[in-house]
Structure formats: structure tokens, C-alpha cells
1. Is one or more of the residues making up region B:25-43 at pLDDT 95 or above, more than 28 Å from residue A:4 (Cα to Cα) and within 14 Å of another protein chain (Cβ to nearest Cβ)?
2. In this structure, is residue A:33 surrounded by 14 or more Cβ atoms within 10 Å (Cβ to Cβ), within 11 Å of the chain's Cα centre (by Cα) and either more than 13 Å from residue A:91 (Cα to Cα) or within 11 Å of another protein chain (Cβ to nearest Cβ) (or both)?
3. Residues in region A:29-37: is at least one free of Cβ contacts under 8 Å to residues at least 40 places away in the same chain, under 28 Å from residue B:33 (Cα atoms) and either outside any strand (DSSP E or B) or touching a helix residue (DSSP H, G or I) at 6+ places or on another chain (Cβ under 6 Å) (or both)?
4. Does residue B:106 meet the test of being without any contact (Cβ under 8 Å) to a residue 24 or more places away in the chain, surrounded by 20 or more Cβ atoms within 10 Å (Cβ to Cβ) and part of a loop (DSSP other than H, G, I, E, B)?
């Protein structure tokens, strides 16, 4: 069982608020990812990190930002939430290269609703 | 660029019967990996099975098997002896190792298939 955690699980917030979605993993994985998923739709990568102080934007453009100050922690921040940000946000991590494949372990997700 | 296509938005299967969920992919990478994930209504993504592009045998994990046809670029998931707990959304995903996958070697997901197991 994967040890990757996300908080909060559910968040309902008003427009204009600043929010931070937390993601932590205890597996020592270097690579971490944030995906955005609208209900019943596929996952889209919005941010990823190869390690501490490394962050990159994914395929899907997002107004959110991320930071990676510690290996185990990869928070995502929205400076001013808008209704268009309503979605599920999934955090994942994977082991360093060298394995035949790098399975991504997913957290339980945060369901964000912006009113 | 990589692309995953799942053409079945929804599938129904009778309990204890087998079901096949379709997945086709497109990539210019020579080396790549194919994954299937299960997403229950609770939202988490559960890894089910992996198939490497150079694996000679189809992958199997318990009741899950992957019908890999490289020439057709298909990687269908077969679930044998369906159980009520198998009702969920199923996603096919791919990660390449070449230029088309990008430096992140990220997963590209299909749109998913909602499987409902009937009692």
C-alpha cells in the first residue's frame, strides 16, 4: 500500500481565496506529480518535480504554482481561486529511474469546489 | 505526441463473467510502458497492471490480464470472474522513453471506461 497523502480531501471555497493543497509521501520518491481531473474525464498533468528545488509545468496549462523544498512534500497553491478551478486534484509519486518501469503511486485526491 | 484512446465510455458485465476493456495507443517511441489503473467512486487511483513494449509475454496479475497486440497498438485489459467490487472507472495510460514522451516521461491517460458489474 502506497504512503502518499493529500489534504484536504474535500474543499469548498469562495472565489478569490488563496488555497494550498497538501501532498506528502513517505516513500522517499524523487519524482512527484500533480494531475487535474474533471468528473468522469481523463487525468491531465499540470506540474511535476524531479526532486528538491525542481519544478516544471505539465501538458495542461494551470494557474496554480507548486514548490518542492523537501523531498516528501509537494504542495500546490492557487493564489486566487475561481469557479473554473473546480476539479479533482491528484498527487502522485514514483521511484527514481533504474527500475524496468516506474509505477506512479497516487494519493486519494482533493475535490475542490470554488463557488 | 502520445495518445491513448478508450472507445468504451461505459460497460456492463454480469457478476462472475469476464470482461474486456479496450485501449489503443499511438506513439513514435520504440520503448514504452502501458499501465491500467482503477478509480473507484472514492477517487483514488489504484495501479492494476503493467506491460512493457518489449515484454514477450502478456502481463497477468491475479484476475487481471493484459492482451497486448503491439502491431495493432492495442493493450486491452481483461478482468476474469468479475466481482461487484470491480465496478469503477478504468484508465489506460502510457509512458514513453523517447522524444515524443517529453523529458518528464509522464503518464498520458485515456478518457476511461466506467465498468458496472451487475449482480
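1. yes
2. yes
3. Looking for residues that are free of Cβ contacts under 8 Å to residues at least 40 places away in the same chain, under 28 Å from residue B:33 (Cα atoms) and either outside any strand (DSSP E or B) or touching a helix residue (DSSP H, G or I) at 6+ places or on another chain (Cβ under 6 Å) (or both), one finds none in region A:29-37, hence no.
4. yes
The values are calculated or read from the model by the stated rules, or taken from the named source; none is laboratory data. Remember, predicted model here, so these are calculated numbers, not experimental data. Glycine also receives a Cβ, built like all others from the backbone with ideal geometry; neighbour counts cover every protein chain displayed.
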